[in-house]
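Comments concern the structure below.
The values are calculated or read from the model by the stated rules, or taken from the named source; none is laboratory data. Bear in mind that the values here come from a model prediction, so they are computed numbers and not experimental data. FYI the Cβ positions are ideal-geometry reconstructions off the backbone, even for glycines, and counts take in every protein chain you see.
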Amino acid sequence: MFPEYRDLISRLKNEDAHFARLFEEHNALDHQIIRLEQNPVTSSLDEIDTLKKQKLALKDQLYVLLKKADAEK
């Protein structure tokens with residue numbers, strides 16, 4: 001996610017608790033989605049779609065924080 005901001009992401013994960021929490025939530029959702037997609041018998045497409053929308057919203061928030069931090073350099 002956002003390879004052009006790899007260094008900034010590392011710095012913000014250590015310095016910004018809000019950014020770190022959002023980043024961890026995003027990763028947790030990603031792992032949950034992968035698990036559900038690998039076991040389609042026990043998961044519903046609606047559940048997966050909802051999680052994907054939540055993940056995308058977090059990604060949008062992370063991007064805003066990254067752009068702001070990058071502009072402040």
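Before moving on, here are some points about what is shown:
- Condition check for E15: surrounded by fewer than 16 Cβ atoms within 10 Å (Cβ to Cβ) and under 11 Å from the mean Cα position of the chain (by Cα): no
- The residues listed here are K52, K13; of these, the one that is basic (K, R), free of Cβ contacts under 8 Å to residues at least 24 places away in the same chain, closer than 16 Å to D70 by Cα and in a helix (DSSP H, G or I) is K13.
- Only listed residue being hydrophobic (A, V, I, L, M, F, W, C) and modelled with pLDDT under 95, chosen from L8, L62, L36: L36
- Single residue of E37, E4, E47, E25 found to be in a helix (DSSP H, G or I) and either in contact with a Pro (Cβ under 9 Å, 6 or more places away or on another chain) or within 19 Å of A71 (Cβ to Cβ) (or both): E4
- Within region 20-65, considering residues that are farther than 16 Å from L8 by Cα and of a type in the set (K, R), the one surrounded by the most Cβ atoms within 10 Å (Cβ to Cβ): K55
- Verdict on P3 being more than 12 Å from the chain's Cα centre (by Cα) and surrounded by 10 or more Cβ atoms within 10 Å (Cβ to Cβ): no
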